[in-house]
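Down below is the structure, laid out as structure tokens.
The values are calculated or read from the model by the stated rules, or taken from the named source; none is laboratory data. Note that the structure is predicted; figures quoted are calculated from it, not measured. Neighbour counts are summed over all protein chains in view; Cβ atoms, including those assigned to glycine, are modelled from backbone coordinates with ideal geometry. Surface areas here come from the heavy atoms of the whole protein model, side chains and all, with no ligands, DNA or RNA. Shrake-Rupley method; radii C 1.70, N 1.55, O 1.52, S 1.80 Å.
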Amino acid sequence: MKRFLTVGDIGDLDAALKEAAEVKKTPFAWQNLGHNKTIIIIFFNSSLRTRLSTQKAAMNLGMNTIVLNIGSDSWKLETEMGVVMDSDKTEHLREAIPVIGSYCDIIGVRSFAKFEDRDAEYKETIINQFIQYSGRPVISLESATRHPCQAFADLITIEEYKKVKRPKVVLTWAPHPRALPQAVPNSFAEWMKAADVDFTITCPEGYDLAPEFMQGAHLERDQKKAFEGADFIYAKNWSSYEQYGQILGDCHDPRFMKWTVDAEHMSWTNDAKFMHCLPVRRNMIVTDEVIDSANSIVIPEAANRVVSAQVVIKRMLESL
Ligand code: CP
């Protein structure tokens, strides 16, 4: 495996899920695979789970890990091509990427959407430069449009907790005070459409994901109807794709606050499990009562981030 950005990069999902179960059962069985190999993970943005789970996964495989926080641990990097570099950015990605590649065997990159240029961001110009210029396999640790390590962990978690062969999985928009990227819901939709699940998206008008992620998913504008019969509720906020990066009204407005997942919402479901990628804003996205309930599986979901990362890094090491 040379890159991990989309669901297509993982290949057959059943095989990936079987491999994930094996990795979870015997995480240290491939310690020799990573011996004397190095992964550098690069963060343009903050992280708790991705940073720790990727390091843990690499360590389980016997690798050395280096973490670089761009801007605070390194020079500020220019990411635009063809610019006159007279700002506070000291170094260009064009040099930084091959230099980083020369120090490691695998690279992981987190670089969120900045909501400046939708076309450029949906073309994934930053992570594609890492793929093009590093000479190393590249893992997306959340790029402008996707968060594949999260979506793979979400699928592993659904596989572990499902009570029926083909569960109903609902991705619901929920309110948030700040404009958030579309990467998590995009990837979740992409992976759920590829998996053997009955998948529904519910969100207010104006919050539809990009057409390529909506296409093939069942859209139900009425949140109550969407929740009916659900086995899994996956809550997430995202900003508008259409009015790119915008919040379409105050999050405290009752029109939006009614989307917060509370006990009444969960009562509409088939005793659904509650999922969220974390970090989560309590009593905004989800009430304390729901996230603290026995049906909340947000912690095992986060724990599976080690498993998804380990499968991906293992496959990359095997293909070096
Ligand atoms: N879910 C997730 O990616 O968490 P972090 O942003 O903390 O890495």
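In segment 291-320, the residue that is nearest to the ligand (Cβ to nearest atom) out of those that are of a type in the set (V, I, T) and closer than 17 Å to Y161 by Cα is V298.
Just one of the listed residues (K168, K236, K224) is more than 23 Å from the chain's Cα centre (by Cα) and either closer than 26 Å to G11 by Cα or touching a residue at least 12 places away in the same chain (Cβ under 8 Å) (or both), and it is K224. Restricting to segment 50-86, give me the number of residues that are assigned to a strand (DSSP E or B), closer than 28 Å to V311 by Cα and not hydroxyl-bearing (S, T, Y). Total meeting the criteria: 5. Of the residues making up segment 182-217, just one is part of a loop (DSSP other than H, G, I, E, B), under 17 Å from the mean Cα position of the chain (by Cα) and not aliphatic (A, V, I, L, M), namely Q182. Restricting segment 163-218 to residues that are open to solvent by 50 Å² or more (accessible area, probe 1.4 Å) and of a type in the set (A, V, I, L, M) leaves a set whose member that is farthest from the ligand (Cβ to nearest atom) is V164. Just name the residue that is surrounded by the fewest Cβ atoms within 10 Å (Cβ to Cβ) out of those in segment 11-49 that are under 17 Å from V306 (Cα atoms) and of a type in the set (F, W, Y). Filtering first and then ranking leaves F28. Among the residues of segment 139-162, those identified as assigned to a loop (DSSP other than H, G, I, E, B), closer than 19 Å to I127 by Cα, more than 11 Å from the ligand (Cβ to nearest atom) and touching a residue at least 40 places away in the same chain (Cβ under 8 Å) are S143, T145, R146. Residues in segment 40-98 that are at pLDDT 95 or above and within 16 Å of the ligand (Cβ to nearest atom): 22 in all. Taken together, the residues in segment 98-138 that are assigned to a loop (DSSP other than H, G, I, E, B) and either touching a helix residue (DSSP H, G or I) at 6+ places or on another chain (Cβ under 8 Å) or closer than 29 Å to H35 by Cβ (or both) amount to 12.
Please specify each residue of segment 86-95 satisfying the condition of being closer than 18 Å to K114 by Cβ and surrounded by 11 or more Cβ atoms within 10 Å (Cβ to Cβ). Of everything in segment 86-95, those that are closer than 18 Å to K114 by Cβ and surrounded by 11 or more Cβ atoms within 10 Å (Cβ to Cβ) turn out to be K89, H92, L93. Among the residues of segment 9-29, those identified as touching a residue at least 12 places away in the same chain (Cβ under 8 Å), over 12 Å from I156 (Cβ atoms) and not aromatic (F, W, Y) are D9, P27.
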